[in-house]
Structure formats: structure tokens, C-alpha cells
Amino acid sequence: MAGDSLSRAVPNPPREGNRVTPPSLTHLSSDSIAQFPKGNFSKLILLFNRLKSTGEYDKFFEEGIYKCAGCGTPLYKSGTKFNSGCGWPAFFEGLPGAIHRTPDPDGRRTEITCAACGGHLGHVFKGEGFKTPTDERHCVNSVSIKFDSGN
């Protein structure tokens with residue numbers, strides 16, 4: 001059960017009956033999320049996403065590579081990041097083979113996860129009219145990624 005894994009990953013998580021309820025994660029950095037045991041990270045991110053405009057990478061535009069905060073796999077080049085105005089980091093394409101896509105059951109969105117560890121990254125949207133080469137917006141949670149400048 002996800003709640004059991006989360007109880008080990010997050011000391012004394014708030015509960016409603018048998019269900020773990022989301023604590024505020026705005027105080028957690030990508031570095032602290034990366035310290036969670038492998039496996040717990042993806043479960044944590046699936047349940048706890050940052051609020052709009054609160055992530056450290058929303059308005060961050062430096063040269064480098066964005067890697068999975070859970071396992072370190074390179075996911076996005078900084079040249080694919082753009083300001084979509086959505087309140088979360090936006091990219092128009094990931095590195096080949098790095099991102100797995102799964103349509104949500106309702107068909108409205110497509111979830112994106114790290115192909116290496118399964119960590120939840122966010123969602124991808126197509127056909128929104130952004131002037132990007134792919135006409136896609138990968139809407140990614142800042143806690144799911146870690147920036148590497150290559151220095």
C-alpha cells in the first residue's frame with residue numbers, strides 16, 4: 001500500500017483514516033526529495049505535487065540539463081525549456097527515450113514519467129498553439145527534476 005511506503009518516506013504523515021493526506025511540500029527542495037529511498041520517490045510525487053508558481057524552476061532559464069530528481073537520468077536540455085505562463089516549468093520535448101507517456105483514464109491529459117525509475121514528472125499537452133517545434137508543453141513539477149549546469 002502506498003501509505004505504508006509513504007509512512008517510511010515521510011515521518012508522521014497526516015492521515016485521514018487509513019489514507020495518507022498530502023502535507024505541504026513547499027519547504028522541500030529537489031535535493032531533499034532526491035534523498036528519499038528509490039521507489040518511495042515516485043509514490044511521493046504521484047500524491048504530492050507543488051502548487052502553481054511555487055517551484056524553483058518555473059522562471060529559471062540557465063544552460064544545462066534537467067535530470068530526474070529520483071534517479072539522476074537526464075530528461076531535458078535547457079534549450080527545450082520555454083515560458084508558457086502555466087506556473088510550472090515547461091519544455092517542448094524530452095531527451096530521446098527518457099520520458100514515458102501514459103494517457104490519463106479520462107483522455108484529457110497524458111502523464112509523463114521518468115522512463116528509468118517511473119517517477120512522476122507531470123503531464124504533456126499537445127496542440128495548445130505555443131510557437132515551439134513540437135507544439136507540445138511538458139508541464140513538469142520542479143520537485144521532479146534537478147538542474148545540472150555541467151560545471
| Elements of type strands (runs of 3 or more DSSP E) in the range 91-151, at least 3 residues being open to solvent by less than 30 Å² (accessible area, probe 1.4 Å) | 110-114, 120-126, 136-140
| query | Going through the range 53-69 one residue at a time, which ones are on the phi < 0 side of the Ramachandran plot, modelled with pLDDT of 85 or more and in a loop (DSSP other than H, G, I, E, B)? | reply | E63, A69
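The values are calculated or read from the model by the stated rules, or taken from the named source; none is laboratory data. Note that the structure is a prediction, hence the values are computed from the model and not measured. Quick note on the areas: whole protein, heavy atoms, side chains included, nothing else; ligands and nucleic acids left out. Shrake-Rupley method; radii C 1.70, N 1.55, O 1.52, S 1.80 Å.
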